[in-house]
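First the structure, in the form of C-alpha cells, and then the observations on it.
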Ligand code: PAF
C-alpha cells in the first residue's frame, strides 16, 4: 500500500486490499465499490458520490483490464494517468483505491474465467467477441476482492450492467448492483473516457447520437409504439447526422436486450458506432 497525506490509500497488491476490506466488514462496516478503468471524469465521480450513500467505506478500482479488449482494440492507447485520477478522487475521501498491475490480477498459472450467457452474445457481444467474458471475469474478481456489499455501474454501459446483474444473480454473489444514470455534457454527449480521442470536428458530429436517442424517446413519450419503425428512424438519424459507421441502433427489452416489435413497459434504445476512429456507445431508457 502507498499513500500521501491527502489522497486515498492506494493498494497495488490485491491481497492487501482484500484484507483491508475484510477488516472493515468485520468491524460491521458496509463496503461499496466503484470499478473503473481509470481516465476518470465527472461521470465516474458521480458513481463515487452515489456509492457513498449506500455504505460506510467507498473503494475504487483503477485497472485497465487486458482481457476485455480484443486484438486491434485500444488497449495500448487507453489513457492511463493514476496521479491525475487520484487528484480527481481527493475531494471524495475515498477509503481505498485498488490499482493492481495486470500480473497481480492474472499471475502465472491463472486459468479461470466466467462464461456469460445469451445476454452477452447480442449487440456488443457480436462486435466485441470475448469482451463480456473479460468484463465478467474481472468484475467477479474485483467484487470478490472488495467483498463488496454494493457496486455502482454507469448506465452508459447498459449491456455491461445487464450482463453483470445476470452474473451476480446466477452465481449467487452477495453484491447489490446499482445503476447510476448516464452523465452528459451540457450539449448531451454522454461522458466517456474515449471522448478524449475525438477531434473537435468529430466531437461535434458525435452529438448526433444523443440527439437521435432523445428524439426517439420524445416520440415514445408522444405515444409512438412501433419499435421497428423507431429503430429504422433512429438508424436514419444517425446516418443523416454523419456517423462514420453504425454497428447497431436498436430498440430492445430493458432486461433481455432482445429487439422489440412493440414498445412495452421496459424499453431501451441502444446505439454503437464510430465517429472517426473512435467507437462510441450510448443508450436511453424509453419508458422510465
Ligand atoms: O466499465 C468499465 O470501466 C469496465 O468495463 C469495468 C467494469 C471496470 C471492468 O473492467
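Some points to look at:
- Contact order normalised by residue count of the stretch 145-214, Cα under 8 Å, 6+ apart, percent: 29 percent
- Working note: Cα gyration tensor of the chain, eigenvalues times five, square-rooted, sorted largest first, giving semi-axes of 33, 20, 18 Å.
- Dimensionless Rg/Rh of the stretch 1-120 - Kirkwood Rh, Rg from C-alpha atoms: 0.98
- For residue 19 and residue 115, a Förster radius of 35 Å and the Cβ-Cβ distance give a FRET efficiency of 0.75, rounded to the nearest 0.05.
- Share, in percent, of DSSP beta bridges within the chain that are antiparallel, nearest 5: 55 percent
- Only alpha carbons enter this Debye calculation for the stretch 36-86, each as an equal point scatterer, and the log10 of I(q)/I(0) it gives at q = 0.14, 0.17, 0.28 Å⁻¹ is -0.44, -0.61, -1.10.
- For the stretch 1-112, the relative contact order is 37 percent, taking Cα pairs closer than 8 Å that sit 6 or more residues apart in sequence and dividing their mean separation by the residue count.
- Taking each residue as 0.36 nm, the span from residue 87 to residue 178 lengthens on full extension beyond its C-alpha to C-alpha distance by 30.3 nm.
- Over the stretch 80-158 - Rg/Rh using Cα atoms and the Kirkwood inverse-distance radius: 1.00
- Cα-based convex hull volume of the stretch 175-265 per residue, rounded to whole Å³: 135 Å³
- Going by neighbour counts of Cβ atoms within 10 Å, the residues 258, 185 line up, fewest first, as 258, 185.
- Folded to 0 to 90 degrees: helix 158-170 orientation relative to the chain principal axis, Cα: 50 degrees
- The chain: relative contact order in percent, alpha carbon pairs under 8 Å with at least 6 residues between: 17 percent
Coordinate-derived values only; no laboratory data. None of these values were measured; they are calculated from a predicted model. Cβ: placed from backbone, ideal geometry, glycine included. Neighbour counts: every protein chain shown.
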